[in-house]
1. Where residues in the stretch 201-210 are among the polar types (S, T, N, Q) and modelled with pLDDT of 60 or more, which of them is most open to solvent (accessible area, probe 1.4 Å)?
2. Taking the residues in the stretch 176-200 that are in contact with a Gly (Cβ under 8 Å, 6 or more places away or on another chain) and open to solvent by less than 10 Å² (accessible area, probe 1.4 Å) as candidates, determine which candidate is modelled with the lowest pLDDT.
3. Report the residue count in the stretch 104-155 for those that are part of a loop (DSSP other than H, G, I, E, B) and aromatic (Phe, Trp, Tyr).
4. Select, from Ala27, Ala81, Ala53, the only residue that is touching a helix residue (DSSP H, G or I) at 6+ places or on another chain (Cβ under 8 Å) and closer than 28 Å to Asp174 by Cβ.
5. Test Phe37 against the stated conditions and say whether it is of a type in the set (Phe, Trp, Tyr) and surrounded by 12 or more Cβ atoms within 10 Å (Cβ to Cβ).
6. Condition first: farther than 21 Å from Phe29 by Cβ and open to solvent by 40 Å² or more (accessible area, probe 1.4 Å). Now tell me which residues in the stretch 114-140 satisfy that.
7. Out of all the residues in the stretch 36-47, which are assigned to a loop (DSSP other than H, G, I, E, B) and without any contact (Cβ under 8 Å) to a residue 60 or more places away in the chain?
8. Suppose the filter is under 23 Å from the mean Cα position of the chain (by Cα) and among the polar types (S, T, N, Q); does Ser91 pass it?
Amino acid sequence: MRPLPAPARAWLLACAACAALAAFSFAHFDVPTARYFWKFSRFLHPLNKPFAAAGILTLESAVLLALMLARLVRGHISRFAETLTIACIASICAYGVNSLVLKPFFGIPNPTAVLHGARHALHLMKGSPMSGFPSGHMVLAGAFAGVFMPLYRKSIWPLGALLGLAAALLVAGDWHFLSDVVGGSFLGISAGVLAGEAWSASSGEQVTRM
């Protein structure tokens, strides 16, 4: 049997590490952390409207439309604009799959539901788009960042910092458990990296990794 390529081995190792971290958090940290932040979370609730998923999806859709029109009018767009297009598409698609497939499959209640009496447990095939795991916001952001990170190496640290900040705010605001953001981050970044690499390979050009 031919050995797996190095990127596939690295992804499997990262998957195992994130799964272990999410499981450990699920069992030991999720509920205590949510209870701790419950009394402070109201101070972050004003962020609900400006950072709602619907608003982010609308912005990404508007960017996509503008780039498509620019491509039609000018006949071409820059390499960065092409990357931005793939990032928006990956982000929107990953969010849709997460909301309509993964959240209903796992059926894990969000922190608000748990702190009001719901059981913090897997309810397979009984969830909804309002369930907590994986975090839709982290899938949305992670897929966008995952396209840029391998192609523009200088973006790794700033985008990584922004993802870390987003994850911290989601937990501190009791929108998500720690396991939710771990799972959402991994799934989103994986989807973005896959989309970026697939686009790079299908374009028939060597993408400059800046």
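The values are calculated or read from the model by the stated rules, or taken from the named source; none is laboratory data. Keep in mind it's a predicted model, so treat the numbers as computed, not measured. All Cβ positions, even for glycine, are placed from backbone atoms using ideal geometry, and neighbour counts span all protein chains on display. SASA here: full protein model, heavy atoms, side chains in, ligands and nucleic acids out. Shrake-Rupley method; radii C 1.70, N 1.55, O 1.52, S 1.80 Å.
1. Going residue by residue through the stretch 201-210, those that are among the polar types (S, T, N, Q) are 202-203, 206, 208.
When the remaining residues are screened for being modelled with pLDDT of 60 or more, the result is 202-203.
Details: Ser202: 95, Ser203: 41 Å².
The selected residue is Ser202.
2. Gly196
3. We begin by selecting, within the stretch 104-155, every residue part of a loop (DSSP other than H, G, I, E, B); these are 107-110, 116-135, 152.
Checking the rest, the ones that are also aromatic (Phe, Trp, Tyr) come to 133, 152.
Number satisfying all stated conditions: 2.
4. Numbers: Ala27 fails: touching a helix residue (DSSP H, G or I) at 6+ places or on another chain (Cβ under 8 Å); Ala81 fails: closer than 28 Å to Asp174 by Cβ.
Step by step, each of Ala27, Ala81, Ala53 is checked, and only Ala53 is touching a helix residue (DSSP H, G or I) at 6+ places or on another chain (Cβ under 8 Å) and closer than 28 Å to Asp174 by Cβ.
5. Values: of a type in the set (Phe, Trp, Tyr): yes; surrounded by 12 or more Cβ atoms within 10 Å (Cβ to Cβ): yes.
It is true that Phe37 is of a type in the set (Phe, Trp, Tyr) and surrounded by 12 or more Cβ atoms within 10 Å (Cβ to Cβ).
6. Within the stretch 114-140, Leu124, Met125, Lys126, Ser128, Pro129, Met130 meet the criteria.
7. Just the residues of the stretch 36-47 that are assigned to a loop (DSSP other than H, G, I, E, B), to begin with: 39-40.
Of everything in the stretch 36-47, just one residue is assigned to a loop (DSSP other than H, G, I, E, B) and without any contact (Cβ under 8 Å) to a residue 60 or more places away in the chain, namely Lys39.
8. On the way: under 23 Å from the mean Cα position of the chain (by Cα): yes; among the polar types (S, T, N, Q): yes.
So Ser91 fits the description; yes.
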